[in-house]
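The values are calculated or read from the model by the stated rules, or taken from the named source; none is laboratory data. If you're wondering where the values come from, they're calculated on a predicted model, not measured in any experiment. Heads up, the Cβs are rebuilt from the backbone with ideal geometry, glycines too, and the neighbour counts pull from every protein chain shown. Note: accessible area is taken over every heavy atom of the protein model, side chains too, but ligands, DNA and RNA are not part of it. Shrake-Rupley method; radii C 1.70, N 1.55, O 1.52, S 1.80 Å.
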Amino acid sequence: MKSTVCGFIFRNPLITLFSFGFIFHAVSVLYVTRADYISYTLMYGGFVMLAYVCSRAVLGSPVSRVLSRTTRYLDLPAKSWINLLGDIFIFVFPVVYFGLAGRVPAYEMLVSTDYYVSSGLRHDFHDGIPTVMSYAGEYYIKAVAPLWLLYSSINRRPVFWPLAVYLGLVALAMITKSVVVIIFLPTLVYQLFSKKWAPAAVSALIVVGTVYGNILLQDKSLSAPRTFQTNAQGERIGTAAQGERIGTTAQGETIYPTNERGASLLERVLGLSRGIYVASDAILTRLFYVHGLTVKFWMDSYTTDFPIENGCGYRWYASLAGCQFVYIPEKISLKYFPDLHARGVGGSVSSANYVNAFANFGVWGVIIAGLLTGLLLGLLTVAFPNPVIAIAVNATSIALTFENTLSILLNSGGWALFVVLAVLFLPTTPPLASKATVRPS
């Protein structure tokens with residue numbers, strides 16, 4: 001029984017990964033919506049499975065099997081030059097990127113004492129960057145940097161650890177928590193499956209440290225020592241974080257923040273501990289609750305308040321159909337969070353691939369989204385016969401199908417570029433991997 005299950009996973013790693021993500025997502029939807037919209041979720045999952053089974057049956061021909069087993073490792077006379085140029089690009093691009101933007105979000109958050117200003121930095125950062133450079137930044141973060149880090153790890157290149165530390169700092173500078181996960185997850189998957197426990201632990205530490213650093217930078221009150229608030233008579237009436245705006249009491253008394261002494265070591269440790277607790281709670285909420293909540297926001301809106309967009313919620317479709325493009329995530333955000341937009345904090349509420357499809361085409365959109373996703377997973381399973389490489393290359397994007405549209409993930413999400421680069425640079429059989437991890441499909 002165990003060998004049968006393991007054999008299925010080795011032959012079908014991507015649909016197995018998708019299934020775990022789907023169950024996680026479905027449970028969140030069921031919990032938050034109280035089964036109001038679970039039927040659409042199950043419909044999507046069913047059509048993904050159907051398309052996957054059919055595509056695997058069709059693509060299982062002798063020709064496709066021969067093609068899928070050919071090694072793709074880039075072994076050219078100019079390989080050393082390619083490695084050098086790749087390293088230079090990885091290290092230089094962020095400098096140019098931040099230089100053109102004229103700002104580094106992490107630094108601005110560090111010197112800001114306003115939570116809402118700090119929140120807005122993540123959303124308006126790209127405004128000062130040329131469109132071409134903005135797309136280049138997306139491809140760098142979501143395809144080039146993850147591929148190069150994975151490539152360096154597989155080939156045990158000496159530059160790997162300097163590269164890892166540097167990319168961790170780049171992710172911290174970007175201040176968006178998902179960046180470091182996107183960059184490091186492929187390498188972390190490879191390290192874990194290859195039983196490289198020490199490197200995996202260090203990689204995980206970089207990820208965790210960067211994520212918490214981003215959270216604490218955005219809201220420094222989580223770790224900043226608390227100061228006394230006093231009224232005009234000098235009577236203590238409460239506490240506030242350093243830099244917090246102080247107004248008046250309910251009785252109209254002016255509140256004066258005081259910080260007559262520096263915080264003790266114990267106060268700073270307790271403040272940091274509180275910050276880590278609040279940050280952890282936010283991460284757990286994001287993982288276990290927000291999936292279902294965004295589905296509820298979207299489905300409530302497009303079953304009651306908003307008409308179906310008829311495809312105009314997809315930029316590529318809107319350009320072909322000649323209709324006005326509707327950025328639905330921002331539309332949903334304006335409905336549910338008008339106070340944040342009134343403060344000048346732009347935002348968006350993205351949701352799963354099939355939910356986007358429903359907002360654009362109704363039930364038929366859910367069916368088509370399922371069929372296309374299943375077909376894509378079948379194609380990628382054939383393209384990457386080694387399960388370790390298959391999961392490392394595609395895990396991030398498969399997880400993000402529960403948060404964004406397939407067309408965005410393939411284009412600006414870097415999925416298509418990552419696959420192409422992986423075909424060129426990564427071997428079908430990773431060096432020194434165990435036989436169990438390289439069994440072809």
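Of T437, T373, which residue is β-branched (V, I, T) and at pLDDT below 85?
On the way: T373 fails: at pLDDT below 85.
Only one candidate passes the filter, namely T437.
Counting only residues that are open to solvent by 30 Å² or more (accessible area, probe 1.4 Å) and either at pLDDT 95 or above or not assigned by the TED database to the domain that holds V92 (or both), how many does the stretch 170-188 have? Step through it out loud before you land on a result.
So the first thing to find is which residues in the stretch 170-188 are open to solvent by 30 Å² or more (accessible area, probe 1.4 Å), and the list is 172, 176-178, 181, 185, 188.
Okay, now just the ones that are also either at pLDDT 95 or above or not assigned by the TED database to the domain that holds V92 (or both), so 185, 188.
Residues meeting the conditions: 2.
Mind counting the residues in the stretch 290-318 that are within 15 Å of T405 (Cβ to Cβ) and either among the hydroxyl-bearing types (S, T, Y) or open to solvent by 30 Å² or more (accessible area, probe 1.4 Å) (or both)? First the steps, then the outcome.
Step one: list which residues in the stretch 290-318 are within 15 Å of T405 (Cβ to Cβ), which gives 294-295, 298, 302, 309, 311-318.
Restricting the remaining residues to those that are either among the hydroxyl-bearing types (S, T, Y) or open to solvent by 30 Å² or more (accessible area, probe 1.4 Å) (or both) gives 294, 302, 314-317.
The qualifying residues number 6.
For residues that are modelled with pLDDT of 60 or more and crowded, with 19+ Cβ neighbours inside 10 Å, tally how many sit in the stretch 107-138.
So the answer is 3.
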